[in-house]
Amino acid sequence: MVSMRVLALARRFAVLLVFVTTFLVAGHVVVPATAHYGSGACTSKYHDGINRGVACNRYAGFGNHYANWIDGCDRHSDGWRVRAWGNVVGAPAIPGDWDPNGNNEGCANDQLWGHLENHRICVEVAGCSGWQPHGWP
Amino acid sequence: MTDHRGSDPTEREPGRRLSRVALALVVAGCVAGAGAAAAASGVLSVGDVISAGEPSTPPEHELSVDETVLATGSTPVAGPWRMTTHQSEQSGGQPAGLPCIRLVLTDPPKGTPLGGSGFCGEVGQGFGAVSLPVVTDSGEAELLILGQAPEGAAAVRLTSADGATVRVATREGGAAYEGGDVFVMIVPPGMDQGELTYLDQDGTAGSKSIDASGFFDRLQAVQKGGAQD
């Protein structure tokens, strides 16, 4: 009698365990492989020997697929606006936004779809840097 | 009292305890599963935290730092969007740990080249903005502007050269965003230039304005498939 009850309880527990496992796993089934993060290469625009702006990229890698951000950063208090550009494979170059806080710490951040090929920084009056390959590993 | 099942009541204790533990596990599992599934599916509410490395929708939005949701919404062309605050990830251009805001498209339309825009760091006089231009394969376009307004600002207004205006209420940055209040503006079709100002509680314009022409120029550049500085 007692062993029957123990068996019934064990069966019930097993069913509940399946539910628990299902819920716990459900939250992770939709998760792609854990991303790895890093920063890539930077390029600067100098004018009169002064660094006026810099563009850098960051990435999150999911296997062989990458998500890309480009950071466009003003580096000098000259009143010239600064923004990055990004080149994604198979698409025209895309302008980032003007850095909204001048040469304070921090940059404009833009997320580009696709595989970033290279990027550059452009500064009003001073012009643009060359195109910099992304520099990912 | 007689136990009609003929067993000592104390015999049931281990079973009951087992059931309670199992029930607690089920509840915990439900909560954990639902939370992760909500984050993954983009069903998030203001104040929700997206943990570092947590899957996002789409996955390209994932960051290596925690994010807090400040606002969500949807527009006719861009579709659903989400505004969050987070601390900066380090790059060669910026240190880690700066306050940031960003706006991402959670179901971006086919053909749009940008998934999100934002900025990190302190903005002058607490007022700064960036744009997120959206275009589609079918030629539709939309301009979203996001930014920070000084603490206590009630609204942000965009005024075009012909006097047309659009005004949006600010939202609390709260404890998560130390920069101040934030705003998201969906620019109506037909506006193509303008100036952004913030308004205090009685409608008085603030002391700083932002030339929005750069935002419109960027939208045009994206529509044309890029242009050169």
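Computed values, structure above
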{"item": "Using a Förster distance of 35 Å, the FRET efficiency for B:E172-B:D192 (Cβ separation, nearest 0.05)", "result": "0.65"}
{"item": "Ascending count of other beta-carbon atoms within 10 Å, so fewest first, for B:D211, B:D48", "result": "B:D211, B:D48"}
{"item": "Three semi-axes of the equivalent ellipsoid, segment A:35-133, Cα gyration tensor, whole Å, largest first", "result": "24, 13, 11"}
{"item": "Karplus-derived HN-Hα couplings along segment B:153-159 (A = 6.51, B = -1.76, C = 1.60, θ = phi - 60°), whole Hz, x at Gly and Pro", "result": "5, 8, 7, 10, 10, 10, 10"}
{"item": "Net charge of neighbours whose Cβ lies under 15 Å from the Cβ of B:V166, counting Lys and Arg as +1 and Asp and Glu as -1", "result": "-2"}
{"item": "Modelled FRET efficiency - R0 30 Å, A:V125 with B:S207, Cβ distances, 0.05 increments", "result": "0.70"}
{"item": "Least to most buried among B:F216, B:F119 (fewest other Cβ within 10 Å first)", "result": "B:F216, B:F119"}
{"item": "Euclidean distance of C-alpha centroids, segment B:126-162 and segment B:77-109, integer Å", "result": "15 Å"}
{"item": "Sorted by Cβ density within 10 Å, fewest first, the residues B:T136, B:T106, B:T84", "result": "B:T136, B:T106, B:T84"}
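Throughout, read-outs are computed from the coordinates displayed, never taken from laboratory work. What you see is a predicted model, and the numbers here were worked out from it, not measured in a lab. Every residue, glycine among them, receives a Cβ derived from its backbone with ideal geometry; neighbour counts consider all protein chains shown.
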